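Q: Pasting in a structure now, in structure tokens, and then I'll have a few things to ask.
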Amino acid sequence: MLKQRITTALVLLPVVILLFFFVPLNFFSIAIGIIVFMVAIEWARLTGVKTITLTAFYAILISGLNFLIWQQTGDFKFWPSLSWPNALAWDLPMLVLVAGIIAVFISIFIVFTYSTLPKWWANSWAIGVLGILLLPALFVALISIRKTGYLVDFHRGGGLVLFMFLLIWAADTGAYFSGKAFGKTKLAPVVSPNKTWEGVIGGLLLSVLVGWAGALILGFEIGEPLLYTSVLLCLAGISVVGDLFESAMKRVANIKDSGNLLPGHGGFLDRLDSTIAVAPIFFLSFTYFGWF
Amino acid sequence: MEVLSNIFYFIIALGILVTFHEWGHFWVARKLGVKVLTFSVGFGKSIWQKTAKDGVCYRIAAIPLGGYVKMLDEREGEVSEKDLDQAFNRKPVWVRFAIVAAGPIANFLLAIFLYWLVFLMGITDRNTIVGAIEPTSIAGQAGLAEKDEIVSVDGEGVILMQDVVESLARRLGEKSNLALEVRKPGYTQTQILKLELSNWTVDSDKPDILGSLGIRHSTEDIIIEPKIREVTEGTPASKSGLMPDDLIKSYQGTKVTNWIDLVELIRRDKNKQVTIEIERNDELKSVSVVIGSHKPDGEEVGFLGVSPYRPQIDADKYYSTRIGGVGESFSLAVDKTAKMITLSAELFKKLLTGDISPKSLSGPIAIAEGAGGTARSGLVYFISFIAMISVNLGFINLLPIPLLDGGHLLFFSIEAIKGKPLSEKVQEMGLQVGVLLVFMMMAIAIFNDISRQF
């Protein structure tokens, strides 16, 4: 299993580096559009949809929305709005981002209150609607991060996207290590029996560490270290919740991996569950505080 | 087409290296009584496979970027009672150590064999006689001048210019003085020049070790007469009426005597209208032409569409051949392999200490380009290249990073000292860290590779 996982990752590595750093913004956006399409297919399956027609309908609906956002606003370079972060203007991409963030908060609320109620999770309509808010926001957020400083330093946005993935990865890996070493208190015994509070704390710590290392390497201008650290902690926390949310859906839908497109890694949704929750907040908070 | 040929030679080179590496594990494992289940070149889906009489499944798989030998092991699957004594994990630590170490060692042995071939076949390359040296360059300040022959670098004898490059590579990122032994023209005895390296910088994007010191080979001074041999159809040159045997006298009023200078001027003037003065049948003529543009190596430059006569040169003046007898070549090959191993180690150490930039790391794309480039130059260069990569592969695999052979060796060594194996937990954590380290190295290397393309 591990061998297969590493093999897949090694083969994908050049593709990911090329995609993040070297292709023009339009290509990047198309690729993200395709990936979000895949994620939408897997999301539809998790809501309990069994037929191919409905699955395809859902994925096409979401991709249609993404396409519409693009058509309505034109140039990716001005996402989410021309005036951001100097002033808030309700351009379509900005609207989608904020809607996505609201959906993230609703999801957090659901995880904390309903996580033990399988009945709730079987409510495919609610989860389907959440997806319609969350997935376009993922699309907009990833492109908005990539386009940062696009005309000044072509590689920079790619570094920022990678940085976000490293933050999430750190929360995950830190949790794995400290959970193994000190794990005792179960975090969510029903949804994800392997997760412990000790693990979460380890994840938060490693994430903060990676966040500061990244700030040094990428040269963020950080005026208030305390604020920056708090945002990092929040993002790591949200990342854990995003993971839990998908675990809960999978448990109810009785699926182990959400797909098998990436041998050893499950599907795209398995790799991007935390990203869906983190990306919009990551982008808006980092730009709002002027750290990019 | 060049990309395809690069990929082709890359797969050939990698196939040879991986097969030998895995064969090392395979051979020693069987000698020491471990049952081998699969010997695979490449991974992923199987293209061809056959279970031989010896019970081993030999296979070739679709992704030619590696391979593996799968041995009987209780940690990876059920092992029947009667086979237990043939399981890898039941063997004493020295046996496991030997099996794992055999892979990198096989790569070093392959390198010795290939270098031996190279020396037997003889390698012809530019000799060590330098061309005109810029007096303000590092080499020029040390007193290196035109027609000097470099005899040794830091006490190591050199015969070909590539030996000089190799010896200099060892000093990358260092600041102390370099001793260059040279023979001035007309003298028999040699003298030692001290090159100051305190201000030495090498551009990590396009490393040119000789150029950065100001050392030029005499071939770079060969003057090519600016006389047209061929005009390519459909290019700006053919449209302007330029013809074979036209001698170009001046370009935009600048006198031209060397083809190389002319190329430089044309490259700068893409899409510009220019006037070229030529001599045709002893008559001077002016030709007006709009320079075109093309992208030979990614960068858009001006282009005319003419090629010159090859200058008649005396090859003996510029090239040397190094060739040896059977015994002599073998000891040279051992020596060369040992040198390449220490060179790898030194460069890696400097990478860690920050003396050389991580930008100088190269990955698979650079290797593919190297493979294609050397293969097109000739068999002996290709073999020499495979030998070098073989040493590199062996060396990298010996690094004490879990996931690589060296990581296993590290664990086995600790086991030998402690008397019992490390706990599963620690091994697993080590593996995670190893995966991260390997991925970081790969990511940087691939990033650099792609960056160099633009």
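Q: What does the C-alpha gyration tensor say about the overall shape of chain A? Classify as rounded when a/c is under 1.5, otherwise prolate if a/b is larger than b/c, or oblate.
A: The shape class here is rounded.
Q: Summing +1 for each Lys or Arg and -1 for each Asp or Glu, what net charge is found among the other residues whose Cβ lies under 12 Å from the Cβ of A:ILE276?
A: -4
Q: Turning to a different aspect of this structure: Between B:GLU415 and B:LYS53, what length comes free when the chain is fully extended (0.36 nm per residue of separation minus the Cα-Cα distance, one decimal in nm)?
A: Fully extending the segment from B:GLU415 to B:LYS53 adds 126.8 nm.
Q: How do the peptides B:381-392, A:4-15 rank, highest first, by the average count of neighbouring beta carbon atoms within 10 Å per residue?
A: Sorting B:381-392, A:4-15 by mean packing, highest first, produces B:381-392, A:4-15.
Q: Considering only the other residues whose Cβ falls under 14 Å of the Cβ of B:LEU409, what net charge follows from Lys and Arg at +1 and Asp and Glu at -1?
A: Net of charged neighbours comes to -1.
Q: Kirkwood Rh over Cα pairs of region A:160-267 into Stokes-Einstein at 37 °C, 0.692 mPa s: D in µm²/s?
A: 221 µm²/s
Q: Given the options A:ILE143, A:LEU167, A:LEU269, identify the residue whose Cα lies farthest towards the positive end of the charge dipole of chain A (+1 on Cβ of Lys, Arg; -1 on Cβ of Asp, Glu).
A: A:LEU269
Q: Below 8 Å, C-alpha to C-alpha, sequence gap of six or more: please give me the relative contact order for chain A in percent.
A: 24 percent
Q: Working from the alpha-carbon coordinates of region B:228-312, get Rg over Rh, Rh being the Kirkwood radius.
A: 0.94
Q: I need to check one value: relative contact order of chain B, counting alpha carbon pairs closer than 8 Å and at least 6 residues apart, in percent.
A: Dividing the mean separation by the residue count of chain B yields 17 percent.
Q: Taking only the C-alpha atoms, wrap a convex hull around the protein assembly as shown and report its volume per residue in Å³ as a whole number.
A: Normalising the Cα hull of the protein assembly as shown by residue number yields 235 Å³.
Q: Would you mind listing how long region B:345-436 runs along its three principal axes, going by Cα atoms, in whole Å with the largest first?
A: 53, 28, 21
Q: Under a point spin-label approximation (7 Å from Cα along Cα-to-Cβ), what is the B:GLN273-B:VAL290 distance to one decimal in nm?
A: That separation, rounded to one decimal, is 0.9 nm.
Q: Say each of B:LYS339 and A:SER83 gets a label point 7 Å from the Cα, pointing the same way as Cα to Cβ; how far apart are those two points in nm?
A: 6.9 nm
Q: On full extension of the chain, what length is gained from B:THR190 through B:SER377, given 0.36 nm per residue of separation minus the C-alpha to C-alpha distance?
A: Gain on stretching B:THR190 to B:SER377: 64.0 nm.
Q: Just list whichever of B:LYS147/B:LYS270; B:LYS31/B:LYS70; B:LYS45/B:LYS425; B:LYS70/B:LYS349; A:LYS50/B:LYS45; B:LYS239/B:LYS272 have alpha carbons separated by over 25 Å in the model shown.
A: B:LYS147/B:LYS270; B:LYS45/B:LYS425; B:LYS70/B:LYS349; A:LYS50/B:LYS45
Q: Let me ask something else. Using helices alone, what [θ] at 222 nm do you get for the protein assembly as shown, with -39,500 (n - 2.57) per DSSP H run of 4 or more residues, divided over all residues and rounded to the nearest 500?
A: That calculation yields -18500 deg cm²/dmol at 222 nm.
Q: Would you mind classifying region B:137-275 by shape? Square roots of the alpha carbon gyration tensor eigenvalues, ordered a ≥ b ≥ c; an a/c under 1.5 is rounded, otherwise it is prolate if a/b is larger than b/c and oblate if not.
A: In terms of gyration-tensor shape, prolate.
Q: Still on this model: What number, in percent, do you get for the relative contact order of region B:224-266 if the mean sequence gap of Cα pairs under 8 Å and at least 6 apart is divided by its residue count?
A: 45 percent
Q: Shape call for chain B from the C-alpha gyration tensor, a ≥ b ≥ c root eigenvalues: rounded (a/c under 1.5), prolate (a/b greater than b/c) or oblate?
A: Judged from the Cα gyration tensor, chain B comes out prolate (a/c at least 1.5, a/b above b/c).
Q: Here is a further query. Among B:PHE20, A:ILE106, B:ALA368, pick out the residue whose Cα is farthest towards the positive end of the charge dipole of the protein assembly as shown, where Lys and Arg carry +1 and Asp and Glu carry -1 on C-beta, about the Cα centre.
A: Farthest towards the positive end: A:ILE106.
Q: Rg and Dmax of region B:97-191 over Cα atoms: what are they, in angstrom?
A: 17.7, 57
Q: Right, here's the next one. What are the residues whose amide H is under 5 Å from the amide H of B:GLY292, where those residues sit 5 or more places off or on another chain and H is modelled from the backbone?
A: B:ASN271, B:PHE303
Q: Okay, next question. Convert each backbone phi in region B:237-250 into a coupling constant with the Karplus relation 6.51 cos²θ - 1.76 cosθ + 1.60 (shift: θ = phi - 60°), then list the ³J(HN,Hα) values in order as whole Hz, x for Gly and Pro.
A: After applying 6.51 cos²θ - 1.76 cosθ + 1.60, I find 5, 5, 5, 7, x, 5, 10, x, 6, 5, 9, 7, 9, 8 Hz.
Q: Mind listing the phi-derived Karplus ³J(HN,Hα) values for region B:272-284, rounded to whole Hz, using 6.51, -1.76 and 1.60 with θ = phi - 60°, and x for any glycine or proline?
A: Whole-Hz 3J(HN,Hα) from phi for region B:272-284: 10, 7, 9, 10, 10, 9, 10, 10, 10, 6, 6, 10, 8.
Q: Given B:VAL130, B:THR321, B:ILE63, which one lies farthest toward the positive end of the charge dipole of chain B, if we put +1 on the Cβ of every Lys and Arg and -1 on the Cβ of every Asp and Glu?
A: In chain B, that residue is B:ILE63.
Values quoted throughout were computed directly from the atomic coordinates according to the rules given, and no laboratory measurement underlies them. Small disclaimer: the values here were computed from a predicted structure and weren't measured. All Cβ positions, even for glycine, are placed from backbone atoms using ideal geometry, and neighbour counts span all protein chains on display.
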